[in-house]
Amino acid sequence: MEPVNDRDLTIGIIGDSWVAGGNMEATLQLAFKTMGLKATVFASGMGGAKTKQVYRNLFAGEKDIFSSAFIKKKQVKYCIVCCGVNDSFGQFGKKHYSKHMCLIIKELLKYNIKPVIVELPTYGVNELQGNLHFINKIKNHVFAFFNSDSGIDNIKEYRAALAEELKKQLLRDKIIFITYDRICVDYSKCPEYYSDHLHLTKQGNYWLCDEIAKSIESDWLN
């Protein structure tokens, strides 16, 4: 292990393309600096990753460029988990999503790392569906038929499933939960926050990181 000083605010970030873009790391550090806190941030993201892959990356060897095992090795104080949109858009099912999110949480807790869970964001799920090749549209509809109770737009369903599983496994009080509605309640009403139907603009990333930083600061100082 390479534990850091107990007095240092150290943070990890793991997830999909929202993390892989590199914007969260720098923006989060700036948010803490504005608050008068110095934070060291380590990040590892994988574009297109679903929650199952994000979980697997926690165990990947050092030679794997997407390995996030170093997050555990460094024993950071907090680890932000930002993923799920690929599970949702790919129609992999709420059980698949909630199961692997909880596995990620429990793995981090083993190392006394407090998980900071970003709720599944609102995004342009219907718009993305409309842009698909017709074969992929059919595929998504078939997957949704078997894996979703609400059809293509499954965001609320996935959110509810995770909330239920966190409660069932007694994990809710062991994490910091970032309610995404504080950033954007409705994708169609926050066009300035999205660079496309799936990813954040600089402004959207700022508000997300600001909310995360405030939540961590509150926990850290208390």
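The values are calculated or read from the model by the stated rules, or taken from the named source; none is laboratory data. All values reported here derive from a predicted model rather than from experimental measurement. Here the Cβ is made from the backbone with ideal geometry for all residues, glycine too, and neighbour counts use every protein chain on show.
Would you check if there is a residue in segment 167-182 being touching a residue at least 60 places away in the same chain (Cβ under 8 Å), basic (Lys, Arg) and surrounded by fewer than 18 Cβ atoms within 10 Å (Cβ to Cβ)?
Within segment 167-182 (the criterion being touching a residue at least 60 places away in the same chain (Cβ under 8 Å), basic (Lys, Arg) and surrounded by fewer than 18 Cβ atoms within 10 Å (Cβ to Cβ)), the answer is yes, since at least one residue qualifies.
If you check Gly151, Gly124, Gly130, which single one turns out to be within 20 Å of Gly15 (Cα to Cα), at pLDDT below 95 and not polar (S, T, N, Q)?
It is Gly124.
Hey, does segment 53-70 have a residue that's under 12 Å from the mean Cα position of the chain (by Cα), buried (at least 18 other Cβ atoms within 10 Å of the Cβ), at pLDDT 95 or above and within 20 Å of Ile178 (Cβ to Cβ)?
Among the residues of segment 53-70, at least one is under 12 Å from the mean Cα position of the chain (by Cα), buried (at least 18 other Cβ atoms within 10 Å of the Cβ), at pLDDT 95 or above and within 20 Å of Ile178 (Cβ to Cβ), which makes the answer yes.
For Ile138, state whether it is farther than 14 Å from Lys94 by Cβ, β-branched (Val, Ile, Thr) and touching a helix residue (DSSP H, G or I) at 6+ places or on another chain (Cβ under 8 Å).
Judged against the criteria, Ile138 is not a match.
Results for (1) in contact (Cβ under 8 Å) with a residue 60 or more places away in the chain; (2) surrounded by 14 or more Cβ atoms within 10 Å (Cβ to Cβ); (3) within 16 Å of Asn86 (Cα to Cα); (4) out of contact with any Cys (no Cβ under 9 Å at 6 or more places or on another chain), shown as yes or no for each residue.
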{"site": "Asn140", "(1), (2), (3), (4)": "no, yes, yes, yes"}
{"site": "Asp149", "(1), (2), (3), (4)": "no, no, no, yes"}
{"site": "Glu165", "(1), (2), (3), (4)": "yes, yes, no, no"}
{"site": "Asp186", "(1), (2), (3), (4)": "yes, no, no, yes"}
{"site": "Glu217", "(1), (2), (3), (4)": "yes, yes, no, yes"}
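Looking only at segment 32-56, which residues are under 22 Å from Phe89 (Cα atoms) and of a type in the set (Phe, Trp, Tyr)?
Tyr55, the sole residue that qualifies.
I'm checking my understanding of the structure. Among residues of segment 48-99 that are of a type in the set (Gly, Ala, Ser) and not in a loop (DSSP other than H, G, I, E, B), which one is nearest to Leu128 (Cα to Cα)?
Selected residue: Ser88.
Out of all the residues in segment 155-164, which are over 16 Å from the mean Cα position of the chain (by Cα) and either farther than 19 Å from Gly90 by Cβ or modelled with pLDDT under 95 (or both)?
Glu164
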